[in-house]
Amino acid sequence: MQLRISPSMRTITISSNNGVLDSMKVKVGTAARPPPYRNLFYTVLILAFLLPFVFILTAVVTLEGVDNCSSLDCLGRRLGPKLLGRRTDHSVRLMRDLYKTLNHVNFEEIPSEARLPGSFNEFLIEIKKNHYDIKTFAVFLKATMESMDREAKRSKLAEQLHKHFAADAIPKGIHCLSLRLADEYSSNALARKQLPSPELLPLLSDNSLHHFVLLTDNVLAASVVLTSTLRSSLRPKKIVFHVITDKKTYPVMHSWFSLHPPSPAIVEVKGIHQFDWLTRENVPILEAIESDHGVRNHYHGDHAKGSNFTDNPRIFASKLQARSPKYISLLNHLRIYLPELFPNLNKVIFLDDDVVIQRDLSPHWDINMAGKLNGAVETCNGDDKWVMSKRFRTYFNFSHPIISNNLDPDECAWAYGMNIFDLNAWRKTKIRDIYHYWLKENLKSNLMLWKFGTLPPALIAFRGYVHPIDPSWHMLGLGYQEKSNIDNVRKAAVIHYNGQCKPWLEIGFKHLKPFWTKHVNYSNEFIRNCHILKPEE
């Protein structure tokens, strides 16, 4: 008998040896076929993908210590809900009980005699030591969080109050500078020389020149405004500055600009007392503002009175700023008399003393005001929603019928601080009379119509006379918006440190100060002797 296996191993042939062709083929079954390599590859791939997850889940369960069970059956019960994205019944029940307890104690009064921890670490120690049940834990947690919230708010309110006092105070260096300049005025003839020199006096009313008006009692701030304007100007020889100050500061301001003339520009320094017509007898409303008992109590009284830990710190800061004594000074209200102060001028640019000029302002002299008389940046649209979201509702009390019956809360506000005024057009209006009328109404209403000083009556008086200019000409908020966009600050023509944190104060924002301090000559003899030092960068 012969046995022959086919090369393909699929058949076996058996034949006899007796010469008779007697053979038989046997077909090999498919069960003997070796497994394909492709199936093996997929199996390994799936295992390689799943095994790390199984390892991680097993490790998590072990670390969490859900229970001490180690059998495969227990491991399955623990891993199953996690693989399906569900918590264990025990965990769900625990969280449900905790939520229910917290919600229940939310309406319970905390015992006044309860001793509360001063920190989170003390809170944990207290819980571990006393083995609180879940309800006691919830009560203790609520009391601790409320206590810490009150302390945080008290700290914020105290911070705002201290900022308010710091903002109203005169820094020691600037006070020293004023004293030294006043002494110089009394002892040095050069400090008393006429400003400008007699041959230049006709230029003070030359309408072919660019006239800037600055009302201030801060000599260092005034110096920065003039210096930055000249450095940014393409035609500094055409600039004329009219600096107006109060009687007390007049010798100081005159002395500074006599000894440090802003060449090639022309500067004039005048005191309020030098305007014969500008007396309290001729402007009785201003006398009323300064002498009224309610007004003086509002601006000079206890600014912390009435505040409590429920106040919003930003709202409290706004209230404090509105109570700054500068709002009842004659110097602050003087801008409403610009047409009378400069009867021979057609157009001026008004600047606050807390601005820095970074770009040439000459284009404003050729701007088409479209029949309006006040070129100003509107403050109701912009990227900074805190600074550029000011509408009439921001400044006025619309719960008062006088306001609600006369004004629109959605009307857009505009900015004081860099304004182009067409004085010829202004003289044809009754803006000053309207301004006086609303000041009187606010006095009669016990200061209930608005909270800020000079801008609200101006918003009413200039209604219909404002010509909006591009916001890049005047960027606001550097005195209260710490997160001012630095790129926008660099690009703005005029940056305005309105707010409490002035750049000459310690509370000024350090990253915004350099835009102001670079215009201060720290090597100047008066500045150096008064120890006014350049801030460290």
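The values are calculated or read from the model by the stated rules, or taken from the named source; none is laboratory data. In this text the structure is predicted, and so the values were computed from the model without any measurement. Using ideal geometry, Cβ is built from the backbone for each residue, glycine included, and neighbour counts are taken over all protein chains shown. Side chains included, ligands, DNA and RNA excluded: accessible areas come from the protein's heavy atoms. Shrake-Rupley method; radii C 1.70, N 1.55, O 1.52, S 1.80 Å.
With the other protein chains left in place, how much accessible area per residue, in square angstrom, belongs to region 407-536 at a 1.4 angstrom probe? Counting only protein heavy atoms, the per-residue value for region 407-536 is 45 Å².
Classification of region 428-517 by its C-alpha gyration tensor yields an oblate form. The axis ratio a/c (a ≥ b ≥ c) is 1.5 or more, and b/c is at least a/b. The label point for GLU146 and the one for ASN344, both projected 7 Å from the Cα toward the Cβ, are 7.2 nm apart. Put simply, the amide H of ARG391, placed in the peptide plane, has neighbours under 5 Å in ALA413, leaving out anything fewer than 5 places away on its chain.
Starting from the alpha-carbon convex hull of region 144-241, give the projected area averaged over all orientations, in nm².
Values: hull surface 42.5 nm².
Approximately 10.6 nm², given one-decimal rounding.
With protein chains left intact and a 1.4 Å probe, residues in region 192-287 average 42 Å² of accessible area per residue. Solvent-accessible area of region 106-175 (1.4 angstrom probe, protein heavy atoms only): carbon and sulfur portion equals 58 percent.
Distance between the 7 Å Cα→Cβ label points at TRP386 and LYS518: 2.4 nm.
Spatially, region 158-218 and region 114-150 are offset by 57 Å when compared through their Cα centroids.
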